[in-house]
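*Asks:* If you scroll down you'll find the structure; I have some questions about it.
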Amino acid sequence: MTAATYQYVDLPDASVVTTRALLTARENISDTVVARAMMCIHGGAGFGKTLAVNTCLRELEPGEDVRKITFRARPTARAVRYELFTALDLAGEPPRHPSEFDRLLKTALAERPRTFLVDEAQWLNGEAFEYFRYLWDEPSTQLAIIFVGGAGCHTVLRREPMLSSRVFIWQQSPASHPTRSSR
């Protein structure tokens, strides 16, 4: 992950404040990575989900191979394959046939443990989530997957029993409470 994923922390005098939600995310992410499991952290826009996850994953590097994927539209399984191909920095041209593509990705994912941060996961549909589950279920892959997204992410995952049953930790990001100023 690069400094660009740190959002606004690179502004002068900016720093991350340790909150109860951040501490919970740190513990949950650590447990998820150790277990090579899947996690879903969800909540409303602007609640600090991405910042918390980026901060916690940054603490695991360089010992952990962390790859970030962000989706902006409803991706198909094919689009997920291409994003994974790019995130893994695989050489050559992507395979044309799904079975070849799947074999390539499974082989790459079996090489060493990796953690995927799938941000903006509310854009994923059942097919895209299912593809991540398909790769995660492969016994040779060594994946931890952290889905970060709005309520739609939680809704789609919960609706599909094969997906929902594999999520190790569900964390809802609490709403931020505005501070009161005294004037």
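*Asks:* Only residues that are not small (Gly, Ala, Ser) and not in a helix (DSSP H, G or I): list them for the range 22-40, please.
*Replies:* Scanning the range 22-40 gives ARG36, MET38, MET39, CYS40.
*Asks:* Something else now. Condition first: assigned to a loop (DSSP other than H, G, I, E, B) and under 21 Å from ASP31 (Cβ atoms). Can you find one or more residues in the range 112-123 that meet it?
*Replies:* Yes: one or more hits.
*Asks:* So, ALA79, is that one in contact (Cβ under 8 Å) with a residue 12 or more places away in the chain and open to solvent by 30 Å² or more (accessible area, probe 1.4 Å) or not?
*Replies:* Yes, satisfied.
*Asks:* Would you pick out the residues in the range 104-121 that are open to solvent by 50 Å² or more (accessible area, probe 1.4 Å) and without any contact (Cβ under 8 Å) to a residue 40 or more places away in the chain?
*Replies:* LEU104, THR107, GLU111
*Asks:* Tell me which residues, restricted to the range 84-99, are assigned to a helix (DSSP H, G or I) and open to solvent by less than 80 Å² (accessible area, probe 1.4 Å).
*Replies:* LEU84, PHE85, ALA87, PRO98, SER99
*Asks:* Can you tell me which residues in the range 107-126 are aliphatic (A, V, I, L, M) and farther than 22 Å from THR76 by Cβ?
*Replies:* ALA110
*Asks:* Further question: Can you name the residue in the range 137-175 that is part of a helix (DSSP H, G or I) and open to solvent by 60 Å² or more (accessible area, probe 1.4 Å) and, of all such residues, is modelled with the lowest pLDDT?
*Replies:* So the residue we want is ALA151.
*Asks:* I'm told TYR134 meets every condition in (1) farther than 21 Å from THR55 by Cβ; (2) open to solvent by less than 30 Å² (accessible area, probe 1.4 Å); (3) of a type in the set (Ser, Thr, Tyr) except one. Can you identify the failing condition by its number?
*Replies:* (2)
*Asks:* Then there is this: Only residues that are in contact with a Ser or Thr (Cβ under 9 Å, 6 or more places away or on another chain) and either loosely packed, with under 14 Cβ neighbours inside 10 Å or not basic (Lys, Arg) (or both): list them for the range 60-69, please.
*Replies:* LEU60, GLU64, ASP65, VAL66, ILE69
*Asks:* Here is a follow-up. Based on this model, can you work out whether ALA25 counts as surrounded by 17 or more Cβ atoms within 10 Å (Cβ to Cβ), modelled with pLDDT under 80 and of a type outside the set (Asp, Glu)?
*Replies:* Against the criterion (surrounded by 17 or more Cβ atoms within 10 Å (Cβ to Cβ), modelled with pLDDT under 80 and of a type outside the set (Asp, Glu)), ALA25 does not qualify.
*Asks:* I would also like to ask the following. Being aromatic (Phe, Trp, Tyr) and under 20 Å from GLY149 (Cα atoms), is that true of even one residue in the range 75-86?
*Replies:* No, the conditions are met nowhere in the range 75-86.
*Asks:* Another one. Restricting the first residue to the range 53-68 and requiring it to be on the phi < 0 side of the Ramachandran plot, which pairs with a second residue that is buried (at least 20 other Cβ atoms within 10 Å of the Cβ) and in a helix (DSSP H, G or I) meet a Cβ separation below 6 Å and a spacing of at least six or different chains?
*Replies:* CYS56/ALA25; CYS56/ILE29; VAL66/LEU57
*Asks:* Then there is this: Suppose we keep only residues that are open to solvent by 10 Å² or more (accessible area, probe 1.4 Å) and of a type in the set (A, V, I, L, M, F, W, C) within the range 38-59. Which one would you say is modelled with the lowest pLDDT?
*Replies:* Looking at the filtered set, the residue picked out is PHE47.
The values are calculated or read from the model by the stated rules, or taken from the named source; none is laboratory data. Owing to the predicted nature of the structure, the values given are computational and were not obtained by experimental measurement. A quick note on method: Cβ atoms are made from the backbone with ideal geometry, for glycine too, and the neighbour counts reach across all protein chains shown. Note: areas computed on protein heavy atoms with side chains; ligands, DNA, RNA excluded. Shrake-Rupley method; radii C 1.70, N 1.55, O 1.52, S 1.80 Å.
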